[in-house]
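Structure, as structure tokens:
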Amino acid sequence: MAILLNKKVFKVNKEDNNKRLDTYVSSLNLDLSRAMCQKMIKQGKIKVNEKVQKESYKIKEDDKVEVEFFEPEETNIVPEKIPLDIVYEDDDIIVINKQKGLVVHPGNGNPDGTLVNAILEHCKGNLSGVGGKLRPGIVHRLDKDTSGLMIVAKNDKAHINLSEQLKEHKVRKIYTTIVRGNISEDTATIDMPIARSKTDRKKMAVDKDGKEAITHIKVIERFGNYTLLRVKIDTGRTHQIRVHLAQIGHPVLGDEVYSNGKNEFGVKGQLLHSTELDFVHPITNKKMHFEAKLPDEFQRVIVTLENKKV
């Protein structure tokens, strides 16, 4: 069980009268974002006059707002010595070039051998607890067979700040991929909402009732039956790039979920690589930019396609 570390009580002043509860708490000097406050309110960790209220509750002068701080739940995830390609590291964050085939965090069917196991070993357990006991430090994720750049947070303050940047679309994420077919447009924007598939719960699908999902594509090179693309996403929905490209008839090469996966290159799992990452350092406010070269397998396929054009 999580252990209650301490509880802080704040008396609402006249100038804060009629403010939303989540807005009020996030304005206190507690290093809590509004999103984090909303989560804590739903968990019953923030109360007004000893009662649980909604995040939209309008506080009143002299109300007593309680904020409870808990020690993160103990995790039984075992640190493992798994090779990591660390692009950058300081006291607050790590930027990793994740290899294809590595699952980000433990889950059904993947109790160990994940990126989280590797990071726990590397950081000796010093990671943020905002993501929960199964996802320490994980600010955002990449699919198992998607390779490339990822940010990991070492502490809660960094995690909360980065989560806010992601939510406000301030993190620039660029991917490179090869898709089936010849895309005639040089550039295009795919704006289609995505939700969990109603027929297969393991898949995502374009759904008018889903969450907003926007993907920008730019052709780098055409190879007849294949197209090399630069992809920028404004949102970070699960499987977003793979779902969108499959929806327009150009599935990612090697994708075994959103196409039949068959290909002439012997590629298993999607050829999708997180190539560039831009964000503001959550503590120093310095602008950060990172690039990761394409994996050997990816480059091999490009060379094969270029040779076919000659």
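Every read-out reported here was derived from the displayed coordinates using simple, explicitly stated rules and does not represent laboratory data. Please read these numbers as outputs of a predicted model, since none were measured by experiment. In this analysis, Cβ positions are derived from the backbone assuming ideal geometry, glycine residues included, and neighbour counts consider all displayed protein chains.
Quick rundown of the values:
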| quantity | calculated |
| --- | --- |
| Cα-centre dipole for segment 166-310 with unit charges at Cβ (Lys and Arg positive, Asp and Glu negative), debye to 20 | 320 debye |
| Global form of segment 169-310, assessed from the alpha-carbon gyration tensor, a/c cut-off 1.5 | oblate |
| MRE, 222 nm, helices only [DSSP H, n ≥ 4, -39500 (n - 2.57), over the chain, to nearest 500] | -5500 deg cm²/dmol |
| Rg in Å to one decimal, and Dmax rounded to a whole Å, for the chain via C-alpha atoms | 22.1, 78 |
| Between segment 33-57 and segment 237-306, the alpha-carbon center distance in angstrom | 39 Å |
| Unit charges on C-beta of K, R, D, E only; dipole of the chain, Debye | 700 debye |
| Links that overshoot a 32 Å alpha carbon limit, given the list Lys170/Lys208; Lys170/Lys218; Lys45/Lys232; Lys54/Lys211 | Lys45/Lys232 |
| Nearest-20 debye value, segment 3-71 charge dipole, Cβ charges on Lys, Arg, Asp, Glu | 220 debye |
| Segments 212-224, 174-186, 151-163 sorted - mean Cβ within 10 Å per residue, highest first | 151-163, 174-186, 212-224 |
